[in-house]
Amino acid sequence: MRIAEIPKEEVFTLLHTSPQGLSEEEASTRLKQFGYNEIKEAHKTSLFFRFIQQFTHFLAIILWVAAILAFISDWLNPGEGMRNLGFAIIGVILLNAVFSFIQEYKAEKAIEKLKLMLPFKVRVIREGKEREILARELVPGDLILLSEGDKVPADARVVQSEYLTVNNAPLTGESEPVVLTEEPYFGRFIESKNIAFAGATVLSGRGKAVVFATGMRTEFGRIAKLTETVKQEGTPLQKEIARTSKIIAFVATTIGGIFFIIGQSLGKSFWENFLFAIGVIVALVPEGMLPTVTLSLAIGSQRMLKRKALVKTLSAVEALGSITVICTDKTGTITQNRMEVKRVWTFDQSAVDMLLTISYLCNNATFTENLYQGDPTEVALLKYAREARGEVPSERFLELPFDFERKMMTTGNLIEGRRLFLTKGALEKVLPLCGYALIRGEKIKLTDELRQKILEASQALMDEGLRVLSFAYSEVEPEKEMVFVGLAGLEDPPRPKVKEAIKKCREAGIRIILITGDASRTALAIAKEVGLVTGAPVVIEGDEFHRLSDSELKERLTAREILFTRMTPKDKLRIVTLLQEMGERVAVTGDGVNDAPALKKADIGIAMGSGTEVAKEAADIILLDDNFATIVSAVEEGRTVFENIRKFVSYFFTSNIAELTPYIVYQIFRVPLPLTVIQILLVDLGTDILPGLALGAEPPTPDLMKRPPRSAKERLLTLPLLLRVFFILGPIEAMAGLFGYFFVLYSGGWTWGMPLHPSNPLYLKATTACLTGIVLTQVANGFACRTFREPVLRIGLFSNRLLLIGVLSEILLQIFLVYHPIGNKIFSTYPLPLKVWLVLLPFGVFLFAVEELRKFILGKRKA
């Protein structure tokens with residue numbers, strides 16, 4: 001007999017447990033026997049194979065071909081140094097592979113650590129006491145408690161249900177709600193009405209269930225491999241970087257081939273032209289760019305974490321920078337979610353006792369071990385009732401749980417032998433169901449005049465920014481012929497930093513749309529208090545919202561200030577969809593199980609750390625402190641990450657231009673090659689790396705949140721950036737390198753047309769001077785690239801400590817290469833006299849000054 005077919009009393013016997021749950025000792029024994037309640041991941045690519053993959057991408061293949069040709073060249077024409085070049089190129093491939101692998105590994109581990117910060121917890125009964133444990137520690141026989149918003153952690157047989165309703169879509173693909181009961185079921189197992197399957201979500205109600213299968217033994221575990229083998233896509237930015245790298249590699253190969261043909265036509269030797277072609281390819285290919293991007297995104301996610309925003313996917317980091325609209329809840333996001341009953345209103349004092357009774361009994365919050373637990377609104381009502389009236393003995397025999405359509409909750413209670421149906425909820429839903437009012441201790445017919453008094457009292461409370469709930473009861477049947485009792489006004493004060501955060505959003509060109517279930521007057525009062533509205537906003541309530549067509553609603557959505565009140569999660573999804581159709585990039589907040597569709601639909605879904613597991617799973621970012629100000633901080637970090645990637649891309653490309661120019665001079669003017677291929681590789685993967693990484697960790701610039709959001713279609717490589725690199729920074733660096741080269745040559749007595757052997761000390765000294773000129777101007781470029789618009793001197797020249805460390809390492813490495821015998825031997829360098837350094841230093845100062853002047857002029861124009 002299957003577990004679904006037996007009565008609930010026999011479930012405990014079958015699983016050797018009891019209504020008091022397992023003992024801790026027995027749970028520990030079963031954990032050893034059955035193992036952790038975890039879905040094992042499908043076979044992952046081994047670390048070794050992933051490392052090997054770093055040698056087979058497009059960029060690496062080009063370099064492999066170059067290395068092989070270099071070895072062939074050395075075999076056919078020995079003594080030209082081509083063998084060393086071949087080994088150097090292989091060294092580049094190896095270094096790039098190691099660096100990329102390490103960064104990807106670090107990023108993956110960082111994401112795993114972030115996941116561990118939000119463990120999936122469940123409520124169980126053990127030894128007769130309710131406690132919270134990690135879901136992975138569940139064992140067969142555990143008695144679990146389920147309520148709205150929970151994710152079912154294991155396959156469990158329901159033994160108690162109070163309108164327990166689940167969504168089995170993760171298992172069956174059907175999103176229709178399923179109401180679970182404790183009664184035996186004799187149909188198909190997967191359709192059982194008394195089984196809560198692992199992975200399902202609780203939509204409403206509550207209940208108890210006994211776990212009978214965990215981990216891979218669950219129905220979900222049996223099909224887990226189908227979901228675990230989906231290949232993870234790269235983020236849009238990573239794809240763009242990869243695409244850009246391929247384009248550059250193709251262009252570099254093409255240019256190298258063109259100049260090879262030109263060289264052949266000019267009568268130069270094959271190997272001379274081949275060396276040139278290899279140099280062009282290596283000079284233009286950005287070997288270290290992709291792993292640096294990955295690291296920058298990982299740094300961004302870590303910085304967001306410090307600001308209480310947990311990023312689940314790296315793609316969310318980059319998407320944040322282009323957000324144009326934030327759709328936010330009020331309760332718990334704009335406000336502190338610390339509800340407190342501030343005012344109650346009744347027709348007279350005789351009704352207060354009944355209002356307190358309803359507050360106490362029509363309530364699922366609990367008070368155990370001197371601690372209140374539950375929904376903040378219900379906790380506030382329970383606390384108020386307990387402190388004002390004390391305990392209310394009763395037996396509950398019915399519950400109609402709250403939902404967003406009905407906007408009320410009803411319980412059936414037996415109080416001193418009297419059956420009452422107690423209701424609390426939104427006034428516009430409760431009042432139409434009332435035919436009477438409790439006045440002077442009696443049921444009085446509810447006239448239009450009395451209704452008007454109730455509405456006026458409600459409006460007065462809402463004008464104070466209070467959230468208003470109404471209370472009623474019936475002696476007949478649930479929510480029929482009810483007696484109106486009174487109102488309670490609850491205060492939820494705004495969060496301290498919200499006003500400043502909203503101001504920051506306005507300056508950043510981001511619109512904030514408040515979507516709340518509260519009434520218009522309450523929402524408007526809070527919105528004015530925090531600066532969300534400054535004039536006369538468009539306010540759309542639920543009834544009007546449902547009457548508006550999509551085109552009419554889109555027209556309303558163009559308003560500068562707009563509030564949506566008495567909204568449901570379904571309404572929120574419609575708003576997000578229409579905003580996206582209007583071309584907006586939307587971030588949306590949510591915490592409930594019904595918010596999941598809107599969170600998934602939005603460009604960025606933001607769940608509250610205190611929200612349901614379902615909401616957290618659907619979101620891209622989780623706010624650990626539930627604070628709206630944290631969203632703004634996360635947007636700032638998102639913009640910073642994208643800006644920083646542009647900074648180090650600009651930094652790398654500048655040196656590529658400086659490295660390419662000597663090869664063009666060599667080919668056109670028939671002079672000895674000013675910069676060797678090995679020295680180019682030294683710049684790309686030696687001196688440039690640490691300063692480039694430091695630019696990826698640059699803090700936000702002061703003007704970053706005073707600019708409008710970037711377009712989602714905006715490319716990483718913009719025309720202004722390319723013009724700046726190709727016509728300002730790159731040429732200055734090239735001038736520095738070539739000046740150093742020819743300065744040394746002419747100082748050593750060289751004349752135009754004089755051939756120089758690669759081992760000639762004068763030639764070695766001249767190429768070292770060219771290399772040093774590029775490195776020194778790259779030092780200045782590192783500081784110049786810290787900002788695009790703001791003068792660096794204004795934000796502090798030495799405010800990025802990582803850049804100072806990177807620059808210092810760059811200079812020390814160059815000194816080692818110039819003056820140490822090992823550096824001389826490996827990279828064909830030669831010691832330089834001090835005067836060469838002194839004549840090259842002004843180029844760095846000049847580059848920095850020109851860039852600062854450009855920023856100053858740009859700032860003046862915008863001012």
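The values are calculated or read from the model by the stated rules, or taken from the named source; none is laboratory data. Since we're looking at a predicted model, the values are computed, not measured. In this analysis, Cβ positions are derived from the backbone assuming ideal geometry, glycine residues included, and neighbour counts consider all displayed protein chains. Remember, those area values only see protein heavy atoms, side chains included, never the ligands or the DNA or RNA. Shrake-Rupley method; radii C 1.70, N 1.55, O 1.52, S 1.80 Å.
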Would you report the distance distribution of C-alpha pairs in the chain as whole percents per 10 angstrom bin, up to the bin with the largest distance?
2, 11, 17, 18, 16, 12, 10, 7, 4, 2, 1, 0
Expressed in angstrom and ordered largest first, the alpha-carbon extents of the range 654-728 along the principal axes are 51, 26, 20
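Return the equivalent ellipsoid semi-axes of the range 426-554 as a descending list in whole Å, where each equals the square root of 5 times an eigenvalue of the C-alpha gyration tensor. Let's see the in-between values first.
Numbers: eigenvalues 248, 63, 26 Å².
Semi-axes (√(5λ), whole Å): 35, 18, 11.
What Kirkwood hydrodynamic radius do you get for the range 640-790 when you take the inverse of the mean 1/r over all pairs of distinct Cα atoms, in Å? Working shown, then result.
Working: mean 1/r = 0.0601 Å⁻¹.
Every distinct Cα pair counted, the radius reaches 16.6 Å.
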Cross-link pairs beyond the 21 Å C-alpha cut-off, checked among K8/K121; K572/K601; K32/K151; K407/K445; K308/K497
K8/K121; K32/K151; K407/K445
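Sort D688, D348 from largest to smallest accessible area, using a 1.4 Å probe on the heavy atoms of the protein chains.
On the way: D688 0, D348 40 Å².
Descending order: D348, D688.
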Relative to the Cα centre, what is the charge dipole magnitude of the chain, using +1 at the beta carbon of each Lys and Arg, -1 at the beta carbon of each Asp and Glu, and rounding to the nearest 20 debye?
2820 debye
Residues other than R574 with Cβ under 12 Å of its Cβ, Lys/Arg counted +1 and Asp/Glu -1, net out at +1
By how many degrees, 0 to 90 and rounded to 10, does the Cα axis of helix 24-34 deviate from the longest principal axis of the chain?
50 degrees
Excluding residues fewer than 8 positions from K453 in its own chain, the aspartates and glutamates with Cα under 15 Å of it are D348, E428
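Over the range 465-589, what is the relative contact order in percent, taking alpha-carbon pairs closer than 8 angstrom and at least six residues apart? All intermediate terms of the calculation are to be shown ahead of the outcome.
Working: 143 pairs, mean separation 28.6, N = 125.
For the range 465-589, the relative contact order is 23 percent.
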Helix axis angle, 82-116 relative to the chain longest principal axis, alpha carbon, degrees:
10 degrees
Where the centre of each part is set by its Cα atoms, how far does the range 396-472 sit from the range 355-381, in angstrom?
17 Å
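Do any GluC sites (Glu not before Pro) in the range 447-477 lie in a loop, going by DSSP, with at most 13 other beta-carbon atoms within 10 Å of their beta carbon, and if so which?
Values: sites: E449, E456, E464, E475; in loops: E464, E475.
Sites meeting the loop and neighbour criteria: E475.
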Taking Cα atoms, how many degrees apart are the long axis of helix 569-581 and the longest axis of the chain, rounded to 10 and kept between 0 and 90?
30 degrees
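Taking 8 Å as the Cα distance limit and 6 or more residues as the minimum spacing, I'd like the relative contact order of the range 721-841 as a percentage.
On the way: 104 pairs, mean separation 37.3, N = 121.
About 31 percent, as a whole number.
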Let me have the relative contact order for the chain, percent, based on Cα pairs under 8 Å that are six or more residues apart.
11 percent
Under the √(5λ) rule applied to the eigenvalues of the Cα gyration tensor, what semi-axes describe the equivalent ellipsoid of the range 535-603? Give them in Å, descending.
19, 14, 12
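Counting every Cα pair in the range 578-731, what percent are over 29 Å apart? Provide the component values of the computation, followed by the final result.
Details: 4919 of 11781 pairs.
Tail fraction, whole percent: 42.
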